[in-house]
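Below is one structure, written out as structure tokens; the observations come after it.
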Amino acid sequence: MATTADIRKGLAMELEGKLYLVVDFQHVKPGKGGAFVRTKLKSLENGKTIDKTFNSGASINPVRIERRPYQFVYKDDMGYNFMHMETFEQIAIPEDVIDGVEFLKEGQDVEVVVHAETETPLSCELPPFIEATVTYTEPGLKGDTTTNALKPATIDTGAQIMVPLFIEIGEKIKVDTRTKEYAERAK
């Protein structure tokens with residue numbers, strides 16, 4: 001067991017049977033009363049953040065998590081299958097654990113966060129940007145450049161995103177997987 005003195009950014013802990021990651025913390029010593037630690041915790045199960053305050057010196061239950069490199073291999077009825085880049089072991093991960101699953105391509109490198117003791121995958125993170133090819137979009141209107149107008153486009157992963165009017169079918173673009181938006185043309 002650890003205490004609130006061990007809290008730091010990036011620490012994973014178990015709280016009320018759920019796993020959380022410390023996003024931010026602040027040690028507060030008011031003039032009157034006891035000291036306390038104010039934290040912002042991100043759930044490793046659903047990604048929601050909560051605010052939690054601990055009395056100074058209270059015990060917490062830290063959990064060991066590991067980030068491992070995996071490569072997406074294929075999808076089947078068991079879920080999305082990934083291969084570890086060093087050991088070549090394969091695991092199946094359900095769709096709800098993967099952030100930005102609509103941008104996943106075969107052979108793509110990802111980072112899987114794993115609970116070290118139980119070997120349970122907690123989340124799967126895609127790279128911040130991916131390159132994709134536009135497979136379908138309506139043609140843009142000539143001269144319609146006065147505003148930052150956007151149009152829908154389908155990319156090679158099957159995802160639909162909004163792109164500027166000058167993007168055409170077959171162009172390679174960069175997509176931000178965190179915001180699910182067009183970033184720029186690929187070079």
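The values are calculated or read from the model by the stated rules, or taken from the named source; none is laboratory data. Remember, predicted model here, so these are calculated numbers, not experimental data. Cβ coordinates were reconstructed from backbone atoms using ideal geometry, including for glycine residues, and neighbour counts include every protein chain displayed. Surface accessibility is based on the protein's heavy atoms, side chains included, excluding ligands, DNA and RNA. Shrake-Rupley method; radii C 1.70, N 1.55, O 1.52, S 1.80 Å.
One residue alone among 36, 54, 88, 72 is out of contact with any strand residue (DSSP E or B) (no Cβ under 7 Å at 6 or more places or on another chain) and among the hydrophobic types (A, V, I, L, M, F, W, C), and that residue is 88.
Pairs linking a residue in the range 20-32 that is without any contact (Cβ under 8 Å) to a residue 60 or more places away in the chain and among the aliphatic types (A, V, I, L, M) to a residue that is part of a loop (DSSP other than H, G, I, E, B) and surrounded by 12 or more Cβ atoms within 10 Å (Cβ to Cβ), with Cβ atoms under 9 Å and 6 or more positions apart or on different chains, are 21/11; 21/44; 22/7; 22/11; 28/35; 28/56. Counting only strands (runs of 3 or more DSSP E) that sit completely within the range 97-140, those holding 2 or more residues that are in contact (Cβ under 8 Å) with a residue 12 or more places away in the chain, touching an Asp or Glu at 6+ places or on another chain (Cβ under 6 Å) and not aliphatic (A, V, I, L, M) correspond to 129-137.
Of the residues making up the range 1-16, those that are open to solvent by 60 Å² or more (accessible area, probe 1.4 Å) and of a type outside the set (Asp, Glu) number 4. Would you check if there is a residue in the range 84-96 being loosely packed, with under 12 Cβ neighbours inside 10 Å and of a type in the set (Ser, Thr, Tyr)? Among the residues of the range 84-96, at least one is loosely packed, with under 12 Cβ neighbours inside 10 Å and of a type in the set (Ser, Thr, Tyr), which makes the answer yes.
Residues in the range 79-113 that are β-branched (Val, Ile, Thr) and closer than 20 Å to residue 159 by Cβ were compared, and the one that is modelled with the lowest pLDDT is 97.
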